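The values are calculated or read from the model by the stated rules, or taken from the named source; none is laboratory data. Being a predicted model, the structure only gives us computed values, none of them experimental. Here the Cβ positions follow ideal geometry from the backbone for every residue, glycine too, while neighbour counts run over all protein chains shown.
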Amino acid sequence: MSSRTPSPTPTTERIVSLDALRGIAVLGILIINVRVFAMPEATLLNPTVYGDLTGANYLVWLLGHILAELKFITLFSLLFGAGVMLFFDHKGGDGDPPLRLHYRRTGWLLFIGVAHAYLLWYGDILVAYAICGLWIVFVRGWTPTVKLAAGTLMIAVPSVLEVATAATAPPELIAEQWRPAEETLRREVETYQSGWVAQLEHRVPAALERQTVGFVGSSFWRTSGVMLFGMALYELGVLTDRRSNRFYRRLAVVGLVVGLVPIVAGVVYIEAADWATEAALYWRQFNYWGSLPLAAGYIGVIYLGCRRLSGGIAVAAMAAVGRMAFTNYLFQTVLATTLFYGHGLGLFGQLSRIELVGVVLAIWTIQIPLSVLWLRRYRYGPVEWLWRTLTYKEIQPIRRA
C-alpha cells in the first residue's frame, strides 16, 4: 500500500488529448440529447412519429443517426472506464484508501445523477455510470484481452434480448412502443409545456423505467461492456496517446469504414421496410454494433488531430470543455430544459429538427468559450470542484495561484 495521502489529480498531470476527446464527446451527445429535450421520447426510437421528416429535417436526422447517435455516448462511456483506471493509478495502488475514495466519489455521482434524473431530465446517464462503476472496479486487474472479451459479451446481451423480443413478443406490444397513439404524444407535449410540478407526471415514471427495467435489460450491459473496453484501451496506451501515428491512422480508417457500412445499411433496411413495425427492433442492431467501430475511428481522428494541432486554440478549447465535462453535461440540461420546458420558454414540441441544429450550435457557442474563460481563473469546473470536495471531505482549492 502506498504511503501517499490520496489527493485530486494535479492539473499538470492531465493528458490533453484525453481531455479533448472528452470535450468532443460531451458536446457531441447534445446532438442526440436535444431531440429528447425537445420532442416526445418515442422519436428517439422512431423519428417518424413526431415532427416533419422530409427535406432538410430528414437530412438532419440522417446525419445525426449515422454520425452521432450512440457514438459520442460510447466515447463518454469509454472514458469513464479509462477514468477508473486513471484514478487508481494516481492514488498509488490497490489499498483501502483508494477503494474507499472510489466508492465515496461514486456514491456522490449516484446522488447527483438521481437528482438530475428526477428533478430535471429523465434521460440522465450518471445513475447508470455510478451503478456500473460500483462493480467494474473489481475487474481492473484483468488483462486487457480479458476485458475486451468480457466487454464484447456484455455488449451482446441487449442485442440478443432485443432480437429475441422482436421474434417472440406480441406484435401489438411492439407496435405500441414503436408508434404510440397520437393522444399519448399530445399528452407528453402538454406535460412538458406545463410547469415543473406537472412535468413530474412523465419524468418520474420515465426515469424510473430507465433505471430499473431499462437498466437491467439494456444499459447495464452496454454501459459496463463499453467501460471495460475503455479500461483495456487505457492500459494498451490507446487513450493515453502512447501509440504511433500509424496506429491511429489505421484505427481511424478501419473504424470509420467498418462502422459506417452497417449503420448506412440499417437506414437502407428500415427505409425499404417503410418504417414498418415488423422491422422496429431489428433495425436498431445495425447502429448498435456499427457505433462501436465508428467511435473507435473517431478516437483515431481526434488523437491525430490533437497531435497535428498541438498547442493550438482548437485543442485547448476542447480540452477545457473536457476538463469541465461534468459541469457541461449538467449545464446542457439546465439550458435545454429552460428553453423547452414550461417553467422556461415552453418550446417543447415546437421546433423542427433543422431548428434544433441552431439550438445545439447556440449551446456550444456558450459552453466552449465559457469553459476556456473559467479555467483561466479556476482549477476545476464548479461541479468538478464540488465532487472533489465531497470525495475528499475537505474543501479543495479552486482558484489558480
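Please verify whether ARG187 is more than 17 Å from TRP289 (Cβ to Cβ), touching a residue at least 40 places away in the same chain (Cβ under 8 Å), part of a helix (DSSP H, G or I) and among the charged types (D, E, K, R), treating the condition exactly as stated. Here the answer is no, as ARG187 does not meet what is asked.
Within the stretch 43-54, one or more residues are within 24 Å of ASN328 (Cα to Cα) and touching a residue at least 12 places away in the same chain (Cβ under 8 Å). Specify the residue that is nearest to the chain's Cα centre (by Cα); the eligible residues are those in the stretch 50-69 that are aliphatic (A, V, I, L, M) and farther than 18 Å from GLU355 by Cβ. Residue satisfying both the conditions and the ranking: LEU67. Across the stretch 278-308, the number of residues qualifying as within 15 Å of TYR248 (Cα to Cα) and either buried (at least 19 other Cβ atoms within 10 Å of the Cβ) or free of Cβ contacts under 8 Å to residues at least 40 places away in the same chain (or both) comes to 13. The helices (runs of 4 or more DSSP H) found entirely in the stretch 214-323 that carry 2 or more residues being farther than 20 Å from LEU148 by Cβ are 245-272, 284-308, 313-323.
SER219 passes every criterion in (1) under 21 Å from the mean Cα position of the chain (by Cα); (2) crowded, with 16+ Cβ neighbours inside 10 Å; (3) farther than 24 Å from PHE72 by Cβ; (4) of a type in the set (S, T, N, Q) apart from (3). Between residues in the stretch 358-374 that are farther than 13 Å from ALA320 by Cβ and without any contact (Cβ under 8 Å) to a residue 12 or more places away in the chain and residues that are among the aliphatic types (A, V, I, L, M) and not in a helix (DSSP H, G or I), which pairs lie under 6 Å by C-beta distance while being six or more apart or on different chains? Pairs found: none. What's the number of the condition PHE72 fails, among (1) over 15 Å from GLY230 (Cα atoms); (2) touching a residue at least 24 places away in the same chain (Cβ under 8 Å); (3) among the hydrophobic types (A, V, I, L, M, F, W, C)? The number of the failed condition is (1).
Checking each residue in the stretch 345-372 for being touching a Leu at 6+ places or on another chain (Cβ under 7 Å) and among the aromatic types (Phe, Trp, Tyr) picks out only TRP364. Against the list (1) modelled with pLDDT of 95 or more; (2) closer than 25 Å to VAL359 by Cβ, the condition LEU44 fails is (1). Applying a threshold of 8 Å to beta carbon distances and a minimum spacing of six or more residues, or different chains, the list of pairs starting in the stretch 138-151 at a residue that is more than 24 Å from ARG100 (Cβ to Cβ) and ending at one that is part of a loop (DSSP other than H, G, I, E, B) reads PRO144/LEU236; ALA150/TRP142. Listed by first and then second residue, the pairs with beta-carbon distance under 7 Å, at least 6 apart or on different chains, first residue in the stretch 18-34 and under 15 Å from LEU330 (Cα atoms), second in a helix (DSSP H, G or I) and of a type in the set (Phe, Trp, Tyr), are ALA25/PHE72; ALA25/PHE76; VAL26/PHE76; VAL26/TYR329; LEU27/TRP364; GLY28/PHE72; ILE29/PHE72; ILE29/PHE76. On the given criteria, is ASN33 at pLDDT 95 or above and over 19 Å from the mean Cα position of the chain (by Cα)? In short, no. Of the residues in the stretch 323-330, not one is at pLDDT 95 or above, charged (D, E, K, R) and surrounded by fewer than 19 Cβ atoms within 10 Å (Cβ to Cβ). Quick check, is ARG353 in contact with an Asp or Glu (Cβ under 9 Å, 6 or more places away or on another chain) and of a type in the set (D, E, K, R)? Yes: the conditions hold for ARG353. Applying the criterion of being of a type in the set (Lys, Arg) and part of a loop (DSSP other than H, G, I, E, B) to the residues of the stretch 380-401, the residue that is surrounded by the most Cβ atoms within 10 Å (Cβ to Cβ) is ARG400.
Just give me the residues in the stretch 187-209 being charged (D, E, K, R), buried (at least 20 other Cβ atoms within 10 Å of the Cβ) and either under 16 Å from the mean Cα position of the chain (by Cα) or under 18 Å from GLY113 (Cα atoms) (or both), in sequence order. Selection gives ARG203 alone. Mind checking which residues of the stretch 190-213 are assigned to a helix (DSSP H, G or I) and within 16 Å of GLY349 (Cβ to Cβ)? Residues satisfying the conditions are GLU190, THR191, TYR192, ALA198, GLN199, GLU201, HIS202, ARG203, ALA206. Among the conditions (1) in a helix (DSSP H, G or I); (2) surrounded by 18 or more Cβ atoms within 10 Å (Cβ to Cβ), the only one that GLU355 does not satisfy is (2).
The residues on offer are ALA117, ALA82, and the sole one that is crowded, with 18+ Cβ neighbours inside 10 Å, small (Gly, Ala, Ser), more than 30 Å from GLU201 (Cβ to Cβ) and touching a residue at least 12 places away in the same chain (Cβ under 8 Å) is ALA82. The residues of the stretch 172-184 that are closer than 19 Å to GLN350 by Cα, assigned to a helix (DSSP H, G or I) and not charged (D, E, K, R) amount to a single one, THR184.
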